[in-house]
Structures are given as structure tokens and as C-alpha cells.
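Here is the structure we will look at.
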Amino acid sequence: MQLYTRLFECPKSSFFLLGPRGTGKTTLVRTLRLANHEVSLLDEETFQRYLVRPGTFYEELSSLKAGQWAFIDEIQRLPNLLNEIHRLIEDKKLRFILTGSSARKLRRAGVNLLAGRASTRYLYPLTPMEMGEDFCLNAALEMGTIPLVHNAEDKRETLKSYVQTYLKEEIQAEAIVRNLAGFSRFLPVAALLHGQTMNLSNLARDCEVGRPTVSGFFQILQDTLLLKTLSAYDAKLRVRERKRAKCYFIDPGLVRAIKRQYGPVTVEEKGPLFEGLIFTLLMFQKDTFDDFDDVLYWSPAESKHVEVDFLLIQGKDKIAIEAKSTDVIRPEYFKGLRAIAGLKGIRRRMLVYCGQRRRMTQEGIEVLPFFDFVDVLRKRAL
């Protein structure tokens with residue numbers, strides 16, 4: 001099994017480390033070598049003991065000294081422990097690392113009890129910045145880079161079981177949805193929307209469920225950290241509210257597994273998968289290093305056929321990024337980047353593609369091969 005050094009800046013005080021199953025949260029925490037005490041809520045005996053008598057948790061950790069770290073794995077299994085953790089932070093001055101694969105139960109249990117006392121960090125699938133020369137773009141688009149899958153001997157079979165385990169353990173076992181059959185129909189349809197705007201009414205019709213149900217299904221995917229949404233930018237708030245958000249799964253392999261596509265990536269698939277990979281890398285950069293304030297997409301109200309995939313907000317500055325999965329650049333690919341030039345605050349325009357030649361157009365648009373763009377991210381030079 002290949003272990004990569006994760007790009008992670010550890011906070012100095014208590015924090016939540018959230019990420020989908022299989023992204024290596026437990027492994028990362030153990031490599032940090034911070035914890036003086038570890039509790040795994042995946043251990044059934046431990047889980048049952050604290051479930052019956054949460055106060056036992058407080059008693060057992062009270063022997064730790066002020067400033068020491070305690071690592072609680074899969075905290076979403078028993079979110080009521082947050083009350084005891086809150087007490088231990090206040091009374092004993094302990095520090096906690098709290099990992100979880102779902103924010104849903106934490107929010108319901110009142111995670112705000114720890115507001116100001118525990119920050120939140122996110123762990124993503126492996127990035128090319130972390131994998132270095134081991135990263136292969138074609139392989140990443142085909143099978144993704146979730147560590148659990150990447151390190152498996154049979155990646156295809158592991159991807160299949162990943163989706164099945166998600167349905168069984170995250171959804172069915174925790175009784176998140178009553179209509180499991182409807183959710184099962186919803187998943188492959190949602191995967192088809194990867195990189196597209198969300199039309200909940202159409203999606204509800206395709207899945208044969210109500211619109212509020214579909215909205216709830218999308219929220220479940222976000223809460224279990226498998227999907228993120230991308231809002232539209234517009235200087236006029238009322239217009240921005242009318243635009244639909246786009247949705248992206250956090251891993252290309254996950255998208256394909258949900259759709260039961262395991263062969264080589266087709267031409268039709270490659271565009272959305274490549275765009276989604278760029279989105280995940282941008283979100284990783286934002287959540288890990290706080291290099292920019294927000295990630296949006298740009299689609300002016302006055303034109304239905306002009307768009308820029310990503311607009312990064314850095315204070316008053318903006319960076320426009322277009323992602324193209326082709327090896328050859330066509331003139332029409334610059335349409336959105338040309339149109340956005342007049343937007344106030346635009347500091348940089350970039351087109352990221354799968355070719356090899358790096359250049360600058362006469363209009364000041366940077367054309368970057370994918371790995372050159374990765375180098376920009378690695379150097380935090382956006």
C-alpha cells in the first residue's frame with residue numbers, strides 16, 4: 001500500500017477532520033502523532049459503553065493533562081459525546097481531533113456547542129500535488145483517487161463495493177432516508193448531472209419522487225461529503241439567487257461507479273470528469289490553504305450561451321478559469337474568457353487543457369497544460 005504525505009496544515013487547537021469514507025482520515029491523524037488518547041467509535045463495545053453512559057467518556061478522559069490531544073474517530077456515530085467534549089475542553093483544557101464522514105448528525109446534535117472551540121478541516125481524495133509522479137491523469141479520470149480505491153489490488157471491484165457500502169452503511173443503517181428505493185434511483189441520475197446545473201423539478205420527475213424529496217437527497221450527498229455545489233456569480237444579488245447551482249461529485253471514479261461505468265473513459269465522459277477534477281482541486285486549495293475566499297461559476301444574465309467554468313474570488317480580485325479536456329485548443333474555447341474580461345477585478349484568465357503547450361494569447365489569456373496548472377497550485381501561485 002502506497003502512503004502519501006498529505007498536504008495538511010494541522011491546527012493548534014481542537015478541530016473536526018471531515019471527509020468521505022476511504023479518504024484516509026484515521027491514517028492521517030495517526031501519522032500526525034499528536035494523540036495522547038484514541039477512541040474509535042467503530043469499535044462496537046466502545047460505542048455501546050458510551051451510548052449507554054456518556055458520562056463514562058468524561059471520566060475516562062479526565063486523567064489527561066491540560067493541552068494534551070484526544071483523537072475521537074467517527075464522531076458522527078455518537079454526536080451526543082460533543083457535550084462531554086465541550087466540558088473537557090472547558091474544564092480540563094484538552095484538545096480534540098474529531099474525525100467523521102458525515103456532517104448530518106453532527107449538525108442535528110448541535111455541533112455549534114463547539115463553536116469557536118473547534119475549527120473544521122476537510123480531507124479530499126488524493127491530489128496530484130500529493131501523489132507527485134505517481135499521478136496519472138487518465139487513471140484518475142477512470143478510477144478516481146480515493147485512497148481506499150487507489151491502494152486496492154482490484155480497483156474496479158473496490159469502487160463497486162464503495163457505492164454499495166455507502167448505501168448500506170451511510171444511508172440504510174443510519175435511517176437517513178425512508179425511501180431507499182427512491183434514493184437508489186436518484187443516485188445514477190444525479191451522477192449524470194455531474195458538472196451541470198441542478199433542475200430539481202426535472203430530476204424529481206426522472207426519479208419518480210417529489211421535488212422536496214430530491215432536494216433532501218441532494219442535501220444527503222452534501223452532508224456525507226460526496227458532492228459539492230457551485231453557485232453562480234452575479235454582482236446583483238437578486239439575479240444570483242435566480243441562477244441554479246451546479247453540482248460536482250468529489251471524485252471522478254465515484255461518478256463512474258454510481259453510473260456503473262468501469263471501462264476506459266469515453267470522449268463524452270471526459271469533459272465533465274476533467275472539469276470536476278479541476279473543481280475538486282480548487283476546493284482542496286481553498287479548504288486546505290485558504291488561498292481564495294470563494295469558488296463560483298460565471299454566466300451573465302444577458303447571454304445564455306456564454307459561461308466561464310470557475311471564478312475565484314480573492315478579496316477584490318478575481319481569477320477566471322476555463323477547463324477543457326481536449327489536447328487541441330479551438331478559438332471558440334476562449335469565448336467565455338474574452339467576455340469576462342470586462343468584469344471588475346479580473347486579475348487573471350486561464351484556460352486549463354490536456355495538451356502539452358503552454359502559451360499566452362495576445363489578449364492576456366494563459367493557456368496551461370494540466371500539469372502546469374497543478375504546479376501553479378503546488379506553488380500556491382494563483
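The numbered conditions (1) of a type in the set (Gly, Ala, Ser); (2) open to solvent by 20 Å² or more (accessible area, probe 1.4 Å); (3) modelled with pLDDT of 95 or more are all true for Ala70 except (2). Considering the conditions (1) open to solvent by 10 Å² or more (accessible area, probe 1.4 Å); (2) in contact with an Asp or Glu (Cβ under 7 Å, 6 or more places away or on another chain); (3) part of a helix (DSSP H, G or I); (4) not basic (Lys, Arg), Gln285 is excluded by exactly one of them, (1). When Glu269 is tested against (1) in a helix (DSSP H, G or I); (2) open to solvent by 10 Å² or more (accessible area, probe 1.4 Å); (3) touching a strand residue (DSSP E or B) at 6+ places or on another chain (Cβ under 6 Å), exactly one condition is not met: (3).
Table: residues versus (1) under 26 Å from Pro128 (Cβ atoms); (2) surrounded by fewer than 17 Cβ atoms within 10 Å (Cβ to Cβ); (3) of a type outside the set (A, V, I, L, M).
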| residue | (1), (2), (3) |
| --- | --- |
| Pro20 | yes, no, yes |
| Gly24 | yes, no, yes |
| His37 | no, yes, yes |
| Tyr50 | no, no, yes |
| Leu82 | no, no, no |
| Asp91 | no, yes, yes |
| Leu106 | no, no, no |
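For Phe249, the conditions (1) within 21 Å of Ile346 (Cβ to Cβ); (2) at pLDDT 95 or above; (3) of a type in the set (Phe, Trp, Tyr) are fulfilled apart from (1). Within the stretch 306-331, residues that are at positive phi have Cβ atoms under 8 Å from residues that are open to solvent by 20 Å² or more (accessible area, probe 1.4 Å) and assigned to a loop (DSSP other than H, G, I, E, B) in these pairs: Gly315/Asp293, counting only partners at least 6 apart in sequence or on another chain.
Scanning the stretch 36-60 for residues that are assigned to a helix (DSSP H, G or I) and not hydrophobic (A, V, I, L, M, F, W, C) turns up Glu44, Glu45, Thr46, Gln48, Arg49, Tyr50, Gly55, Thr56, Tyr58, Glu59, Glu60. Of the residues Val376, Val352, the single one that is out of contact with any Ser or Thr (no Cβ under 8 Å at 6 or more places or on another chain), assigned to a helix (DSSP H, G or I) and either open to solvent by less than 90 Å² (accessible area, probe 1.4 Å) or hydroxyl-bearing (Ser, Thr, Tyr) (or both) is Val376. Regarding Asn151, is this residue at pLDDT below 95 and closer than 30 Å to Thr326 by Cα? In short, yes.
The values are calculated or read from the model by the stated rules, or taken from the named source; none is laboratory data. If you're wondering where the values come from, they're calculated on a predicted model, not measured in any experiment. No Cβ is skipped: glycine too gets one built from the backbone with ideal geometry, and neighbour counts run over all protein chains shown. Protein only, heavy atoms only, side chains kept; ligands, DNA and RNA dropped before computing areas. Shrake-Rupley method; radii C 1.70, N 1.55, O 1.52, S 1.80 Å.
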